[in-house]
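First comes the structure, then the notes that go with it.
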Amino acid sequence: GNSVTQMEGPVTLSEEAFLTINCTYTATGYPSLFWYVQYPGEGLQLLLKATKADDKGSNKGFEATYRKETTSFHLEKGSVQVSDSAVYFCALSITGTSGSRLTFGEGTQLTVNP
Amino acid sequence: GAGVSQSPSNKVTEKGKDVELRCDPISGHTALYWYRQSLGQGLEFLIYFQGNSAPDKSGLPSDRFSAERTGGSVSTLTIQRTQQEDSAVYLCASSLQLAKGTDTQYFGPGTRLTVL
């Protein structure tokens, strides 16, 4: 079956620190990969995505590269801000199956302190 | 434009009662998904609708759960004889479904269900 594993949280950083949230996946097929973010009191929002190997998704200073050889999609940001405090979810969907149902990781709570 | 909306935002019910949760997808989105977010299970897929096709119900946890989508737009998730383990945030998402697997799903704010 399909699964996504994220690094365990919570993660606490100081403002301007470097962020990495690890994500690895197992998939029967060729998945698309996503990072969703859930800010306090808000719904899930797409942060970035990559649909094929070696693609890099980027948005709001965040980046993640689709690594097929290591089945990974790690999220990085060079300098975090207090406003980045949120829960981050890595997810995959499989091309060719019925629909594009998402399989999510457990989520990683990020807190950025000033 | 308007995003995905869900109602109610919060629902408190007593064990054994039935509840209905509503989702209004983004206009023109043919694909609609229900997910459940709970402390013990994380984010789980429940059911998927695509146009007028038969829904994919493979994620529904029991036969107490059902959903329908009328006219290819609004969807209702019904939970019969609610149990305490049904307490969770129920999320709805929609997408254009132009290309399977790569579509972006847009999520609503969710309905927080509490079963006492």
From A:Ala17, A:Ala53, A:Ala27, grab the single residue that is more than 21 Å from B:Thr102 (Cβ to Cβ), more than 9 Å from chain B (Cβ to nearest Cβ) and aliphatic (A, V, I, L, M). A:Ala17
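Restricting segment A:2-55 to residues that are of a type in the set (Gly, Ala, Ser) and more than 12 Å from A:Ser93 (Cα to Cα), which is surrounded by the fewest Cβ atoms within 10 Å (Cβ to Cβ)? Before you say what the answer is, go through the steps one by one.
Of segment A:2-55, the ones of a type in the set (Gly, Ala, Ser) are A:3, A:9, A:14, A:17, A:27, A:29, A:32, A:41, A:43, A:50, A:53.
Narrowing further to those that are more than 12 Å from A:Ser93 (Cα to Cα): A:9, A:14, A:17, A:41, A:43, A:53.
Details: A:Gly9: 15, A:Ser14: 10, A:Ala17: 14, A:Gly41: 6, A:Gly43: 19, A:Ala53: 12.
Only one residue tops the list, namely A:Gly41.
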Exception for A:Val4 within (1) over 15 Å from the mean Cα position of the chain (by Cα); (2) within 12 Å of chain B (Cβ to nearest Cβ); (3) not basic (Lys, Arg) falls at (1)
Exactly one of B:Thr78, B:Thr30 is surrounded by 14 or more Cβ atoms within 10 Å (Cβ to Cβ), of a type in the set (Val, Ile, Thr) and touching a residue at least 12 places away in the same chain (Cβ under 8 Å), and that one is B:Thr30
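Of the residues B:Leu113, B:Leu91, which is within 8 Å of chain A (Cβ to nearest Cβ), closer than 23 Å to A:Phe104 by Cα and either at pLDDT 95 or above or in contact with a Pro (Cβ under 7 Å, 6 or more places away or on another chain) (or both)? Don't jump to the end; show me each part of the working.
Details: B:Leu113 fails: within 8 Å of chain A (Cβ to nearest Cβ).
Result of the check over B:Leu113, B:Leu91: B:Leu91.
Just to verify a result, which residue in segment B:45-72, among those that are surrounded by 18 or more Cβ atoms within 10 Å (Cβ to Cβ) and of a type in the set (D, E, K, R), is nearest to the other protein chains (Cβ to nearest Cβ)?
That would be B:Asp56.
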Test: B:Glu85 is acidic (Asp, Glu), within 13 Å of chain A (Cβ to nearest Cβ) and touching a strand residue (DSSP E or B) at 6+ places or on another chain (Cβ under 9 Å): no
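So, restricting to strands (runs of 3 or more DSSP E) that lie completely within segment A:56-114, which ones have at least 2 residues that are within 14 Å of another protein chain (Cβ to nearest Cβ)? If you could, list the steps in order and put the result at the bottom.
Values: elements: A:56-59, A:62-65, A:75-77, A:86-94, A:108-113.
Those strands (runs of 3 or more DSSP E) span A:56-59, A:86-94, A:108-113.
Taking segment B:1-30, which residues are hydrophobic (A, V, I, L, M, F, W, C), part of a strand (DSSP E or B) and within 14 Å of chain A (Cβ to nearest Cβ)?
Looking only at segment B:1-30, we keep the residues that are hydrophobic (A, V, I, L, M, F, W, C), and these are B:2, B:4, B:12, B:19, B:21, B:23, B:26.
From what's left, part of a strand (DSSP E or B): B:12, B:19, B:21, B:23.
Hit for segment B:1-30 is B:Cys23, nothing else.
The values are calculated or read from the model by the stated rules, or taken from the named source; none is laboratory data. Everything numeric here is computed off the predicted structure, so don't read it as measured data. Please note: Cβ atoms are built from the backbone with ideal geometry, for glycine as well, and neighbour counts cover all protein chains shown.
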